[in-house]
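All remarks here apply to the structure that follows.
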Amino acid sequence: MELLKNFSQIVIETPVDQIINQIKQLITSGQLKPGDKLPSERKLCDVLGVGRTHLRDAIKKLEFYGILKTLPQSGTVVAGMGITALEGLISDVLKLEGDDFSSLVETRVILEVNSGVLAAERRTGNDLREIEKALFAHRAKIEQADHAVEEDLMFHLKIAEASKNSVLKSLMLIITPDILSYFKQHDVCGDGRSNKAVEQHERILEAIKNQDRETVAKEMRGHLVDILDYSKTIQVEQLYNNKNEGVNGELTGT
C-alpha cells in the first residue's frame, strides 16, 4: 500500500547511544569545546541515571574514534577533531541504501590506498608499534572466534595516523563508523574472511616497515577488493528491488 511508504523503521536507542547523543549535542552546541574536561564518572552517572558500565562503554566508543581522550592525571577531555568525527559516528546507518554504501566503500578504498602509501613514507618507530599493537588485537579477537570489525578498522586508523595527514584521518573517521555498522548489521566479515584479513594485514604492515610504497598500494587494494565487489553487489540488488517494487506496484494498483 502507498500509505506504508510513510512509515519508517523504529530504532530503539541503548543507554550507551543516548549518552553519546547527549555528548554530541553538547559538542555541536559549543557547550563542550576541544580541550574541555568531562565531569567525573560518579557525577555523570548520577546526572544521567546510568551505571558506570554504560558510561564507560560510551566513553570508550568515543575514544575509539578520537572524539574523546583520557589523559593520565587529567581525566577525559574533548579531542580537537571531535565534531566532524562525531557527526560520522552518529549518522543513521538505517538510511544507507545500496548505492550509498557502495560510494562509502569506494571512498574508503581511495583513502586507504593513499594513507598506506603515505604511512610507508612517513612512519616512525612509534607508528609501527601502534599498527603492530592493533594487528595483535585483531588477531587475538579472531582466534577467539569473535567478531573483530572494530579491531580491523582500528588497524586501518593507525595506518591513517602514520600517514601524518590529519585531514585524511578525519575523512576516515567520518566514513568508517557507517561502514562498521553496516558490516555488523549484515555480517559482512563472516565465511572465513576474517582469517584472510589478518594475513593481509600482516603483509601490509611488512610493506610499511620496508617503506615499500608500491607493495603497500597493491596489498591494500587486494585487501579491499572483496568488500568493494560486495558493495557493488548490494548496489545491483538495490536497483533490482526498486525496479521490482515499481512493477509490482503497477500490477497491484498500489
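Were the residues from R213 through T124 laid out at 0.36 nm apart, the gain over their Cα-Cα distance would be 30.5 nm. Amide H contacts for D36 (H built 1.01 Å from N in the peptide plane; partners 5 or more residues away or on another chain; cut-off under 5 Å): V78. Using the Karplus relation 6.51 cos²θ - 1.76 cosθ + 1.60 with θ = phi - 60°, the per-residue 3J(HN,Hα) values for segment 115-122 come to 5, x, 5, 5, 5, 4, 6, 10 Hz, with x marking Gly and Pro. Shown is the FRET efficiency for E63 and Q144, computed with R0 = 25 Å from the Cβ-Cβ distance and rounded to the nearest 0.05: 0.70. Cα centroids of segment 34-76 and segment 111-134: 28 Å apart. With 25 Å as the limit, write out which pairs from K69/K209; K133/K218; K169/K218 have Cα-Cα distances beyond it, or answer none. The pairs that break the limit, which is 25 Å between Cα atoms, are K69/K209. Per-residue Karplus couplings for segment 163-175, computed as 6.51 cos²θ - 1.76 cosθ + 1.60 with θ equal to phi - 60°, are listed in order as 5, 6, 10, 5, 5, 4, 5, 4, 5, 4, 5, 6, 8 Hz, Gly and Pro entered as x.
Every number in this text was worked out from the coordinates using simple rules, so none of it is lab data. All of these numbers come straight from a predicted model, not from anything done at the bench. Ideal geometry is used to build each Cβ from the backbone, glycine not excepted, and the neighbour counts take in all protein chains shown.
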